[in-house]
Amino acid sequence: MSVPPFAHAGDLVGVSSDVTAHDKRLALREALAGGTLVLPGATDAMGARLVERAGFGAGYLTGAGLANVTYGLPDIGLVSLAEVAAHVDRVASAVRIPLVVDADTGYGAAVSVMRTVQMLERAGAAGIQLEDQEMPKRCGHFDSHALIPGEHMAAKIVAARQARQDEATVIVARTDARSVHDIDEAIRRAQLYVEAGADVLFVEAPRTVDELERVGRELAGTPLLVNVVEGGKTPELSLEEYERLGFTVVLFANYLMRSMMLAGREALEHLATAGETGSRVDRMASWQERQELFNLPRFSEAEAWFDSLGSAG
């Protein structure tokens, strides 16, 4: 029998089978140990493919984006663990790059967090982010948050580490204490979380450059993540400025989604008023670009090869 034009079934659907979930986790750890890691957010497999094609070494599966795009809901804790795990499985299987997954509060207390970690690992998560809000949680740049005690969150981190089936899985610990208390409490909690074993610290929504500087100085020694929310509460700086302040992971969780929202709205407004689309062809992905992103040429090649086997019989 002749050799097919694709080496593995995984190659056909766009993910080489020689890249395992463990490989992705090691790649994420290597990236965290290197220079500044930019984490663009994605809401679905197409977005994750775009992140990968743009050359980024990792991506972020945004919980807010999942709620907004897939369910048309706000980010107020309405999406379940089962829904998130199924989503992770779909997206992680579409790309070679590692994905950090927003797992909200871990969907319960410490024992629930253990189950969450194992389900998301099985789905292909390279990193898992947990936060110290009460359930139901709210977007970090909303108002009116409620937190669990810091010691309870530290116990969740211990539980997450003990539950990992792959020690390479990265645990990201987020605190929303700046929005509920002050920057002092946020730093105190972050110190608790790194002592509990967090691999990355995420102090959400510092309000000023001085607060960012304090976080970077007082939590130095652990990779620090800053969340860039355009129009949000944290100062918007350059990558170089964030790095100078001590942040080596820069998250743009919903930049891609919001850019697509505006582009889509403008496209539909044009269609509604002009009744045609031909004049905007230069503002669309081409037919060929679309099919290439979703691997149509390789599927067509495989179909032809299998058809030839049938013809030979």
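The values are calculated or read from the model by the stated rules, or taken from the named source; none is laboratory data. Here the structure is a predicted model, which means the values were calculated and not measured. Here Cβ is always computed from backbone atoms with ideal geometry, including for glycine, and neighbour counts include all displayed protein chains.
So the values come out like this:
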| read-out | value |
| --- | --- |
| Count - residues of the stretch 103-131 that are under 23 Å from His152 (Cα atoms) and in contact (Cβ under 8 Å) with a residue 60 or more places away in the chain | 4 |
| Residue within the stretch 158-166 that is in contact with a His (Cβ under 9 Å, 6 or more places away or on another chain) and either at pLDDT below 95 or outside the structural domain of Glu195 (by TED's automatic domain parsing) (or both) present | no |
| Arg258 being surrounded by 11 or more Cβ atoms within 10 Å (Cβ to Cβ) and among the charged types (D, E, K, R) | yes |
| Residue tally, condition on the phi < 0 side of the Ramachandran plot and either part of a loop (DSSP other than H, G, I, E, B) or not assigned by TED's automatic domain parsing to the domain that holds Leu201 (or both), over the stretch 226-240 | 10 |
| Test result for Val95, in a helix (DSSP H, G or I), buried (at least 23 other Cβ atoms within 10 Å of the Cβ) and either assigned by TED's automatic domain parsing to the domain that holds Arg122 or at pLDDT below 95 (or both) | no |
| Residues (closer than 25 Å to Val95 by Cβ, part of a helix (DSSP H, G or I) and either among the aromatic types (Phe, Trp, Tyr) or in contact with a helix residue (DSSP H, G or I) (Cβ under 8 Å, 6 or more places away or on another chain) (or both)) located in the stretch 274-304 | Trp287, Gln291, Leu293, Pro297, Arg298, Phe299, Ala302 |
